[in-house]
1. From the list Ile22, Ile45, exactly one residue is more than 20 Å from Ala102 (Cα to Cα), β-branched (Val, Ile, Thr) and modelled with pLDDT of 95 or more. Which is it?
2. Could you please give the count of residues in the stretch 43-59 that are away from the ligand (no atom under 11 Å from the Cβ) and among the small types (Gly, Ala, Ser)?
3. When you look at His20, is it more than 12 Å from the ligand (Cβ to nearest atom) and surrounded by 12 or more Cβ atoms within 10 Å (Cβ to Cβ), yes or no?
4. Go through the residues of the stretch 48-62 one by one and say whether even a single one is among the acidic types (Asp, Glu) and under 12 Å from the mean Cα position of the chain (by Cα).
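The values are calculated or read from the model by the stated rules, or taken from the named source; none is laboratory data. Owing to the predicted nature of the structure, the values given are computational and were not obtained by experimental measurement. Here Cβ is always computed from backbone atoms with ideal geometry, including for glycine, and neighbour counts include all displayed protein chains.
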Amino acid sequence: MTAYDRRLLRGSAIQRLGGHIIAAGLGWKVQSQATHEEYDVSVEIDDKLGWLLNTSCSCKDFEWLTSEARERPRTDNSMINGLPVCKHIFAVLIETGWIEPAKGTE
Ligand SMILES: [Zn+2]
């Protein structure tokens, strides 16, 4: 399983729970499955082109994806349109119908 698939699966699981993704201002609050910690997510989508323009999340994984991973690409990276995507961002993208949830479970 790729890093992309793994984060997509986890994002799908969060979205499936229901009530863990809450619209907040221009972005979203996404609650972690395990710790119930809340993360601030924002995604910007060009609806005409169907293109992701910007992503951000306040979690550690996203921080890793944007800093270290940029300089030293590893197999653990996951991106859409060249932008880093953590499981919380995947959850929001599924919630909004922009991408399909993963079929299986972990
Ligand atoms: Zn995140």
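1. Ile22
2. 1
3. Against the criterion (more than 12 Å from the ligand (Cβ to nearest atom) and surrounded by 12 or more Cβ atoms within 10 Å (Cβ to Cβ)), His20 qualifies.
4. Within the stretch 48-62, one or more residues are among the acidic types (Asp, Glu) and under 12 Å from the mean Cα position of the chain (by Cα).
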